[in-house]
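The values are calculated or read from the model by the stated rules, or taken from the named source; none is laboratory data. Source: prediction; values computed, not measured. In this analysis, Cβ positions are derived from the backbone assuming ideal geometry, glycine residues included, and neighbour counts consider all displayed protein chains.
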Amino acid sequence: MPTADLARMPMPEALSELDASRGGLSGDRARVRLERYGPNEIAEEHRNALLVFLGYFWAPIPWMIEAALMLSLAVRHWADAVIIGVLLAMNGVVAFAEEHQAANAIAALKQRLATTARVLRDGGWTTVAVPELVPGDVIRIRLGDVAPADARLLDEVSLQVDQSALTGESLPVTRGAGDVLYSGAVVVRGEADALVYATGAASYFGRTTALVETAGTVSHFQRAVLRIGHYLIVLALGLVTLTVVVSVARGNPVLAVLEFALVVTIASVPVALPAVLSVTMAVGARHLARRQAVVSHLPAVEELGGIDVLCSDKTGTLTQNRLAVATPWTAPGVTADELLTAAALASRAEDQDPIDLAVLARAASLPRQVATDFVPFDPVSKRTQATVADDADGSTYQVSKGAPQVIAALCAADPAAEDVDVAVAQFASRGYRSLGVARTDASHAWRLLGVLPLADPPRQDSAATVTAARDLGVDVKMVTGDQIAIGREIAHRIGLGEQILDATVLDTAPSDTPLHDDAELAERVEAADGFAQVFPEHKYRIVKLLQAGGHIVGMTGDGVNDAPALKQADAGIAVAGATDAARSAADVVLLAPGLSVIVDAIRQAREIFARMTSYATYRIAETIRVLLLITLAIVAVNFFPVTPIMIVFLALLNDGAILSIAYDHVRGSPRPAAWDMRTVLTVATALGLMGVAETFLLFALADQVFGLSRDLIRTLIYLKLSVSGHLTIFVTRTRGPFWSRPAPAPVLLGAVVGTQLIATLIAVYGALMTPLGWGLAGIVWAYAVIWFLVEDRVKLAAHHWLDTHPRPQHSSPARSFDTQRFSVRTGE
């Protein structure tokens with residue numbers, strides 16, 4: 001029978017269904033059931049680590065890089081082979097390390113479970129390892145115990161259970177006979193016997209773990225790298241093939257043509273693309289670490305800058321995760337100070353009870369007398385009581401605090417007791433728990449003093465953080481396991497809005513309905529300001545529905561219950577003080593409390609994203625410039641414009657120095673950023689074609705006007721390609737004119753100046769090429785700078801055209817999901 005049915009049915013029926021009794025199981029029956037149901041533990045799928053690692057070298061881009069590596073070895077281009085091999089290995093190692101995210105999350109989930117349990121077997125109590133528990137076992141749960149399996153209480157008790165890390169409820173909950181106790185919950189008051197009805201994968205913990213295993217998305221960074229790589233590979237293969245065919249047909253030596261084609265292919269295949277982007281993100285991750293945000297999954301740096309919806313856990317994230325006393329209701333003739341003083345006398349700090357600590361903290365500034373006798377909270381009486389000696393006359397009186405209905409019954413003779421229910425109802429409508437307080441008078445009759453409201457208050461910076469996030473174009477949605485009234489009150493106080501959706505509506509959709517087809521539910525989720533009474537399955541589905549609607553979703557959390565959603569989110573953020581499970585499932589771990597760190601992290605991530613976009617545009621433009629120039633020169637005039645060694649120099653100097661772009665000064669987008677591949681490819685293609693045209697013009701002038709030798713022209717073109725290539729990065733680093741602020745970082749300027757000085761010296765003095773001389777080198781520099789200014793205007797024109805010819809909008813949510821990832825949110 002499904003565990004959900006076993007959790008709801010009357011206890012006699014549950015005992016019958018499980019073929020169990022209050023006397024427990026025999027050892028033989030337990031062993032049979034252990035073989036049938038398996039051990040009470042979370043099973044892990046172990047895959048061959050070597051096969052997993054090798055799998056990262058089996059994809060289109062790795063295939064091209066591997067082919068280039070083999071060809072380099074075949075023709076003994078050792079330097080190229082070493083560089084390609086290192087980059088290929090680095091990409092595989094980084095990806096392999098990221099693969100262990102889910103395994104780490106599952107291991108952290110397992111660590112929270114208890115290791116042994118007290119179980120009733122063969123008519124006597126014994127201690128067994130938790131994995132040996134089976135459905136039908138009767139276990140003993142006591143103060144401080146962690147529930148070892150899903151169970152239902154057998155005794156008529158009032159058990160206080162802390163399950164905030166499981167369900168997100170901010171306060172301990174009361175459990176009585178027949179109520180469910182989830183595996184992983186902590187008993188904070190009382191003890192009882194319980195019937196185990198679900199173990200292992202069938203338990204609450206098991207279902208949460210299954211979600212962690214299945215959760216996860218392909219990052220937009222990875223999709224963008226693949227799309228850029230495919231674009232360059234197809235372009236390279238097409239043009240190189242055309243060049244080889246035409247050259248061989250014209251009678252050029254086949255071996256020389258193939259070797260040249262190999263070098264061109266190596267230079268054009270985006271070998272360094274994943275590595276450069278990874279370095280850019282790694283440098284950005286170090287900047288985020290200085291702001292107390294530790295990145296455990298590098299692509300999350302890019303995702304963080306692109307999120308447009310942030311689902312925030314409430315308890316401990318938007319709130320302080322501690323009880324506090326709000327403005328109380330007092331009986332006629334009673335002051336708030338009198339009420340708080342009496343409540344404090346009926347509390348005791350050494351018990352470390354959350355309610356007592358909240359009361360004592362609120363009454364800390366009030367004068368207090370000393371209680372001579374104290375009766376702690378009892379689940380039956382549901383109140384505390386203290387006897388106090390009056391310092392004025394030496395008489396004694398009693399004070400009591402507890403459940404409002406109990407205190408009202410205690411003060412039945414007091415007319416004010418009739419108003420308790422109204423006060424409690426008003427507090428409940430705002431999401432507060434209530435605590436009644438009473439005191440005896442001179443005749444030792446109980447008199448009602450009032451009702452204290454208890455709540456988990458918002459963090460002081462939560463409202464400002466929500467406002468700052470909205471200013472960045474991020475819609476914040478609260479996700480909590482608490483009741484709707486509590487969620488609505490907190491949302492109102494921090495400025496979120498009051499459209500709090502009951503998460504149980506997520507259970508109403510047919511199980512066989514794909515998420516992206518449930519349009520009505522998706523619209524309700526998108527319109528909501530928050531969600532209440534949420535379980536892990538709900539959080540996971542909320543993230544999936546928002547992603548299916550085309551959103552890039554960030555999820556914050558701190559508990560075990562958040563782990564599946566953190567893993568599924570585009571950017572999972574574990575807040576300060578999070579459990580190990582949440583930290584392992586998350587992409588970013590915050591070390592400082594509150595959400596204000598996230599605002600800084602989002603701004604930083606958008607700057608990092610701007611650097612990656614700049615490099616991607618530069619890399620595509622340069623590939624087009626070199627490839628198309630070589631192809632047209634060979635096909636049109638049967639002229640090899642550069643030699644293989646020149647192409648190697650270009651690749652080493654330009655790609656090596658461009659790593660410094662990771663340190664460049666940029667301005668991040670004020671809106672959520674995303675890979676706008678239409679803009680990247682359009683601008684890059686325009687700049688690439690412009691570079692081909694200006695280089696052909698230089699060739700024509702050198703050949704037809706000045707009559708230079710072909711070897712000298714090759715050196716001329718090499719220097720032009722090198723200088724123009726690095727000047728292009730100053731075109732692509734800004735959307736506006738190249739002089740737009742902020743100015744380039746000194747490290748980027750230094751890298752460009754240094755490498756171009758080397759390139760100029762190579763050309764001037766003829767290292768493995770015909771010497772150019774300082775005069776012609778100066779002319780090339782002047783020529784390149786003039787065209788650099790023209791290229792900047794071409795870039796501006798391309799952006800203007802893109803702005804005035806927007807991409808057609810698609811009405812299909814599924815289509816929107818596919819295209820918006822790479823469009824429309826690159827910002828200003």
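Look through Leu452, Leu472 and report the one residue that is buried (at least 19 other Cβ atoms within 10 Å of the Cβ) and under 30 Å from His551 (Cβ atoms).
Leu472
Any residue at all in segment 412-420 that's in a strand (DSSP E or B), touching a Leu at 6+ places or on another chain (Cβ under 9 Å) and buried (at least 19 other Cβ atoms within 10 Å of the Cβ)?
No, there is no match, as no residue in segment 412-420 is in a strand (DSSP E or B), touching a Leu at 6+ places or on another chain (Cβ under 9 Å) and buried (at least 19 other Cβ atoms within 10 Å of the Cβ).
In this structure, is Pro672 buried (at least 19 other Cβ atoms within 10 Å of the Cβ) and more than 22 Å from Ser740 (Cα to Cα)?
Against the criterion (buried (at least 19 other Cβ atoms within 10 Å of the Cβ) and more than 22 Å from Ser740 (Cα to Cα)), Pro672 does not qualify.
Which residue, of Asp393, Asp353, Asp373, is in contact with a strand residue (DSSP E or B) (Cβ under 9 Å, 6 or more places away or on another chain), charged (D, E, K, R) and surrounded by fewer than 19 Cβ atoms within 10 Å (Cβ to Cβ)?
That would be Asp373, the only listed residue that is in contact with a strand residue (DSSP E or B) (Cβ under 9 Å, 6 or more places away or on another chain), charged (D, E, K, R) and surrounded by fewer than 19 Cβ atoms within 10 Å (Cβ to Cβ).
Look through segment 490-513, keep the residues that are surrounded by fewer than 21 Cβ atoms within 10 Å (Cβ to Cβ) and modelled with pLDDT of 85 or more, and return whichever of them is nearest to Leu566 (Cα to Cα).
Asp502
Which of the residues spanning segment 747-769 are surrounded by fewer than 18 Cβ atoms within 10 Å (Cβ to Cβ) and either assigned to a helix (DSSP H, G or I) or β-branched (Val, Ile, Thr) (or both)?
Residues satisfying the conditions are Val747, Leu749, Gly750, Val753, Gly754, Leu757, Ile758, Leu761, Tyr765.
Out of Ala601, Ala621, Ala610, Ala528, which single residue is modelled with pLDDT under 80 and out of contact with any Asp or Glu (no Cβ under 7 Å at 6 or more places or on another chain)?
Among Ala601, Ala621, Ala610, Ala528, only Ala601 is modelled with pLDDT under 80 and out of contact with any Asp or Glu (no Cβ under 7 Å at 6 or more places or on another chain).
For segment 222-230, does any single residue satisfy the condition of being surrounded by fewer than 21 Cβ atoms within 10 Å (Cβ to Cβ), modelled with pLDDT under 70, farther than 30 Å from Gln483 by Cβ and touching a Lys or Arg at 6+ places or on another chain (Cβ under 7 Å)?
The answer is yes; a qualifying residue exists.
Is it the case, given these coordinates, that Leu159 is modelled with pLDDT under 85 and surrounded by fewer than 17 Cβ atoms within 10 Å (Cβ to Cβ)?
No.
Does segment 634-647 contain at least one residue that is in contact with a helix residue (DSSP H, G or I) (Cβ under 8 Å, 6 or more places away or on another chain) and either under 19 Å from Ala743 (Cα atoms) or among the acidic types (Asp, Glu) (or both)?
Looking through segment 634-647, none of the residues is in contact with a helix residue (DSSP H, G or I) (Cβ under 8 Å, 6 or more places away or on another chain) and either under 19 Å from Ala743 (Cα atoms) or among the acidic types (Asp, Glu) (or both).
Return the residues of segment 420-437 that are on the phi > 0 side of the Ramachandran plot and of a type in the set (D, E, K, R); say none if nothing qualifies.
Result: no residue meets the conditions.
Here are the criteria: (1) surrounded by 19 or more Cβ atoms within 10 Å (Cβ to Cβ); (2) of a type outside the set (Lys, Arg); (3) without any contact (Cβ under 8 Å) to a residue 40 or more places away in the chain. Tell me which single one Leu697 does not satisfy.
Only one criterion in (1) surrounded by 19 or more Cβ atoms within 10 Å (Cβ to Cβ); (2) of a type outside the set (Lys, Arg); (3) without any contact (Cβ under 8 Å) to a residue 40 or more places away in the chain is unmet by Leu697, namely (1).
Restricting attention to segment 309-335, which residues are within 26 Å of Asp482 (Cβ to Cβ) and small (Gly, Ala, Ser)?
Result: Ser312, Gly316, Ala324, Ala326.
Would you please name the residue that is modelled with the lowest pLDDT, looking only at residues in segment 172-215 that are of a type in the set (Val, Ile, Thr) and not in a strand (DSSP E or B)?
Thr214
Look through Arg22, Arg8 and report the one residue that is among the charged types (D, E, K, R) and under 25 Å from Thr116 (Cα atoms).
Arg22
Which residues, counting only those in segment 355-379, are at pLDDT below 85 and over 17 Å from Leu340 (Cβ atoms)?
Hits for segment 355-379 are Thr372, Pro376, Phe377, Asp378, Pro379.
For segment 623-638, does any single residue satisfy the condition of being under 29 Å from Gly284 (Cβ atoms) and not hydrophobic (A, V, I, L, M, F, W, C)?
Checking segment 623-638: at least one residue is under 29 Å from Gly284 (Cβ atoms) and not hydrophobic (A, V, I, L, M, F, W, C).
Would you check which residues across segment 478-493 are of a type in the set (A, V, I, L, M, F, W, C) and either in contact with a His (Cβ under 6 Å, 6 or more places away or on another chain) or without any contact (Cβ under 8 Å) to a residue 40 or more places away in the chain (or both) and list them?
Ala491
List the number of the failed condition for Val588; all other conditions in (1) modelled with pLDDT of 80 or more; (2) farther than 19 Å from Ser296 by Cβ hold.
Failed condition: (2).
Residue-by-condition table, conditions (1) under 15 Å from the mean Cα position of the chain (by Cα); (2) surrounded by fewer than 24 Cβ atoms within 10 Å (Cβ to Cβ); (3) not charged (D, E, K, R):
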{"residue": "Ala574", "(1), (2), (3)": "yes, no, yes"}
{"residue": "Ala582", "(1), (2), (3)": "yes, no, yes"}
{"residue": "Leu590", "(1), (2), (3)": "yes, no, yes"}
{"residue": "Pro593", "(1), (2), (3)": "no, yes, yes"}
{"residue": "Ile602", "(1), (2), (3)": "yes, no, yes"}
{"residue": "Glu622", "(1), (2), (3)": "no, no, no"}
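Taking only segment 480-489 into account, find how many residues are of a type in the set (S, T, N, Q) and buried (at least 23 other Cβ atoms within 10 Å of the Cβ).
So the answer is 1.
Just checking, which of Val388, Val424 is among the aliphatic types (A, V, I, L, M), over 28 Å from Gln483 (Cα atoms) and touching a residue at least 12 places away in the same chain (Cβ under 8 Å)?
Among Val388, Val424, only Val388 is among the aliphatic types (A, V, I, L, M), over 28 Å from Gln483 (Cα atoms) and touching a residue at least 12 places away in the same chain (Cβ under 8 Å).
Could you look through segment 770-784, keep only residues that are closer than 21 Å to Arg625 by Cα and free of Cβ contacts under 8 Å to residues at least 40 places away in the same chain, and pick out the one that is surrounded by the fewest Cβ atoms within 10 Å (Cβ to Cβ)?
The extreme case among them is Ala782.
Look through Val264, Val279 and report the one residue that is at pLDDT 65 or above, part of a helix (DSSP H, G or I) and over 30 Å from Arg603 (Cβ atoms).
Val264
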